[in-house]
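Chemist: What follows is a single structure, and I will ask about it in a moment.
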Amino acid sequence: MADTSLNPASPPFFTALDPSQLRSRSDFAQACLSLLNPLLPFFSPHSTRLRLGATGTRFDESAAQLEGFSRSMWGVGSLLACETPTLAPTPTSDANGGSPPHSDLFPCYAHWLEGLRNGTEPSHPEFWGWCEDSDQRMVEMCPLAWGLLVSPQWFWEPLTREERGNVVMWLGSVNRKGMPDTNWLWFRVMANLAIWKCAGEGRPGGGTDDGEEVVQVDEEQMSRDLNRLESFYRGQGWSNDGPEGYTQMDYYSGSFAIQLLQLIYVKIRGGVDPERAERYRGWAREFAVGFVRYFDEQGRAITFGRSLTYRFAMAGFWSAVAYADLELPAPLTWGVVKGLLLRNLRWWTMQKDMLTSQGTLSIGYSYPNQFLSENYNSPGSPYWFMLSFVALACPEEHPFWQAEEEAYPQLDQLGGHVVVMKEPKQILCNKGHTFLLSSGQQCHYPMRAAESKYGKFAYSSAFGYGVPTGGYFVNAIGGDNMLALSDDEGETWKVRRVALSVRIEEREGLPVLISEWKPWKDVLVETTLVPPSAGYPNWHLRMHRIRTGRALMLSEGGFAMAGEKRADGRMLNIGIAENEGREQSDQEAVAVSIVGVVGIRELGTRQRKGEVIDEDANSNLLASRTVLPTLTVSMDAAEETATFITAIYAVPASASAWRSSWQEAWNQPPKVPEWLQANLGTS
């Protein structure tokens, strides 16, 4: 086992880093090290596992502890990719009686080498186990394959012939097994890619220079997987996370898996598969032009979809662009790409509550939060975070690292501030407040809080989404950017989870999203989402047309935000003074705090009660204590049809001069467009 005393100059915890100093490749490496070093005390006796906590998952504990080991390899492999092994200052013996390679940058890397040896040795007591159908080990092969692909001098060449055979056999156990028909197929491709590159014909000299037998990779399996993955492609650079029948295009379509792994494939195997590689380059260029809009000028990413506990991995696409040497269309220069990646990293260093007291990543987002988690999140899962360090596999002289960091690009060069993303069924809005309007996405299998992660009307980079903490009172449903309906006088609530039909149309020069959904068989809701119009950058509109056969209570929420007072941390008072507090009355509700302003207004003829509610604690990704402006009303069964027109207001504190300008803008909401006004007369 590696001697942790060999690394006396451990950097401070990640959240103690100075954001202003995170500019260069060396700074980036130090950020990576600041997350790796706190893992060292948690290794199992033979270094194959990391036990970082006691919470469970839907899969076995061995695989859960493998996650922490394997996912950190995104960082270890990237960190060492450009380093050359040396002899240790004080030579030691490894398990084979030889002297292991030494890294001046990260001496404790030997934990991961030892773990790879022991975890793939079938007779070892800490053997990871062979793959079974739909096994979590399939996922964990991906970052292990990455380490082998980019740092063979550290993780392949030190192995004996027998140990290499063990690694190949273990990775190969993924073949001919049942696997989810989703992004998971890429994990099998990566396992086979590592076999091909390290032990097969992808080795230097075609695999014949070192005298070792050439391992024949399962090319048929790899080709079948790649072809199947390409069948998920829809357009604009976007792939669905699975086949036809549903729309699920989230960060797995980009940074977490599909786009990122396509670009790794381009770099590793593009020379022998040039046609496919060029196709992937083209898709990445298309994707980048739209994906830049998911980030704001401060580096924050829009909170949308599942697995957001992976955090910095949301920006992984930009790191993969660098690794693949991919030049993007103007204005996405190397300096712009560098800025997108580093600003996101710097923002994460400022989330002071996201680490445990030991310096390890917690399950959560800006703070530890199990309500956010999925049933596949083990304490080691958050280390998918590390994949955004893949740009460390680029040497210092790479144009990405040599470029001067540039500011967020001018979106006028990319189609303006309101743009339709046809395939993900979203409208991206990027002026003053970075957010998206969404209709039609859904998770294709049962998942905790799926309605919150995919079914809300809007998602923001500044105001994180909420998830349910329970189902028996409206404060606990994570009701931001939702229309919640109750047929039992407010005891239980239903929201949009599955849209029955979705279409994008144009009205008076603006794109609009229209969807239908049915909370019950005799209740039909048609929702129309309208992005900001000229002169109203911080407003968007919604129209709900409801047909019901039962009595209902309705509660509609705007954006939620941190609701604590600056002076004493207590919840916001009724009444606004010195840009702090909440106000509520018929037809409207608004709240102001240190993070900005959020509000909601009824613009139609129906009377609704405005209220700023205190949401249940820990329901929001960004803040543990949040308030939510809402409008509530009741409908009788005899009413049959009603139409509501809602104006949603949101100004993040990052907006210029927001404290002096928000109130005037709040008091001058947009007028109801004529085409929406016409609907009021028919309700």
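Chemist: Name the one entry in I613, I600 that is among the hydrophobic types (A, V, I, L, M, F, W, C), farther than 29 Å from L510 by Cβ and either touching a strand residue (DSSP E or B) at 6+ places or on another chain (Cβ under 9 Å) or not in a loop (DSSP other than H, G, I, E, B) (or both).
Modeler: The conditions single out I613.
Chemist: Continuing with the same structure: Could you check how many residues of the stretch 508-531 are touching a Pro at 6+ places or on another chain (Cβ under 8 Å), modelled with pLDDT of 95 or more and not aliphatic (A, V, I, L, M)?
Modeler: Here the count works out to 2.
Chemist: Consider D250 carefully, then state whether it is out of contact with any His (no Cβ under 9 Å at 6 or more places or on another chain) and touching a residue at least 60 places away in the same chain (Cβ under 8 Å).
Modeler: yes
Chemist: Run R279 past the list (1) more than 23 Å from M386 (Cβ to Cβ); (2) in contact with a strand residue (DSSP E or B) (Cβ under 8 Å, 6 or more places away or on another chain) and report the number of the one that doesn't hold.
Modeler: Among (1) more than 23 Å from M386 (Cβ to Cβ); (2) in contact with a strand residue (DSSP E or B) (Cβ under 8 Å, 6 or more places away or on another chain), R279 violates only (2).
Chemist: Something else now. Collect the residues in the stretch 511-528 that are touching a residue at least 60 places away in the same chain (Cβ under 8 Å) and in contact with a Leu (Cβ under 6 Å, 6 or more places away or on another chain), keeping them in residue-number order.
Modeler: L513
Chemist: Please state which one of A591, A642 is assigned to a strand (DSSP E or B), out of contact with any Asp or Glu (no Cβ under 6 Å at 6 or more places or on another chain) and either outside the structural domain of L510 (by TED's automatic domain parsing) or farther than 27 Å from S461 by Cα (or both).
Modeler: Going through A591, A642 in turn, the sole match is A642.
Chemist: When residues of the stretch 256-275 are filtered for being surrounded by 24 or more Cβ atoms within 10 Å (Cβ to Cβ) and either hydroxyl-bearing (S, T, Y) or more than 25 Å from R71 (Cα to Cα) (or both), how many remain?
Modeler: The total comes to 0.
Chemist: Please go through the stretch 569-627 and give me each residue that is aliphatic (A, V, I, L, M), more than 34 Å from the chain's Cα centre (by Cα) and under 21 Å from H540 (Cα atoms), ordered by number.
Modeler: Once the filter is applied, which keeps residues that are aliphatic (A, V, I, L, M), more than 34 Å from the chain's Cα centre (by Cα) and under 21 Å from H540 (Cα atoms), the stretch 569-627 yields only L603.
Chemist: Only residues in the stretch 81-109 that are part of a loop (DSSP other than H, G, I, E, B) and surrounded by 10 or more Cβ atoms within 10 Å (Cβ to Cβ) count as the first member; pair them with residues that are among the β-branched types (V, I, T) and modelled with pLDDT under 65, Cβ under 8 angstrom, at least 6 apart or cross-chain, and list the lot.
Modeler: Here the result reads S99/T92; P100/T92, each pair linking the stretch 81-109 to a residue that is among the β-branched types (V, I, T) and modelled with pLDDT under 65.
Residues are listed down the side, and each one gets a yes or a no for (1) assigned to a helix (DSSP H, G or I); (2) at pLDDT 95 or above; (3) within 24 Å of K422 (Cβ to Cβ); (4) out of contact with any strand residue (DSSP E or B) (no Cβ under 8 Å at 6 or more places or on another chain):
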position: F291; (1), (2), (3), (4): yes, yes, yes, yes
position: Q298; (1), (2), (3), (4): no, yes, no, yes
position: Y310; (1), (2), (3), (4): yes, yes, no, yes
position: A315; (1), (2), (3), (4): yes, yes, yes, no
position: L326; (1), (2), (3), (4): no, yes, yes, yes
position: R343; (1), (2), (3), (4): yes, yes, no, no
position: W347; (1), (2), (3), (4): yes, yes, no, yes
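Chemist: Quick one: in the stretch 230-255, which of the residues that are hydrophobic (A, V, I, L, M, F, W, C) and either in contact with a strand residue (DSSP E or B) (Cβ under 7 Å, 6 or more places away or on another chain) or not assigned by TED's automatic domain parsing to the domain that holds R176 (or both) is surrounded by the most Cβ atoms within 10 Å (Cβ to Cβ)?
Modeler: Per the stated criteria, the residue is M249.
A quick yes/no check of all residues on (1) in contact with a helix residue (DSSP H, G or I) (Cβ under 8 Å, 6 or more places away or on another chain); (2) assigned to a helix (DSSP H, G or I):
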| site | (1), (2) |
| --- | --- |
| P11 | yes, no |
| A31 | yes, yes |
| L39 | yes, yes |
| S47 | yes, no |
| G53 | no, no |
| R58 | no, no |
| A63 | yes, yes |
| E67 | yes, yes |
| S70 | yes, yes |
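The values are calculated or read from the model by the stated rules, or taken from the named source; none is laboratory data. In this text, all values refer to a predicted model and were calculated from it rather than measured experimentally. Every residue, glycine as well, gets a Cβ built from its backbone with ideal geometry; the counts of neighbours run over all protein chains shown.
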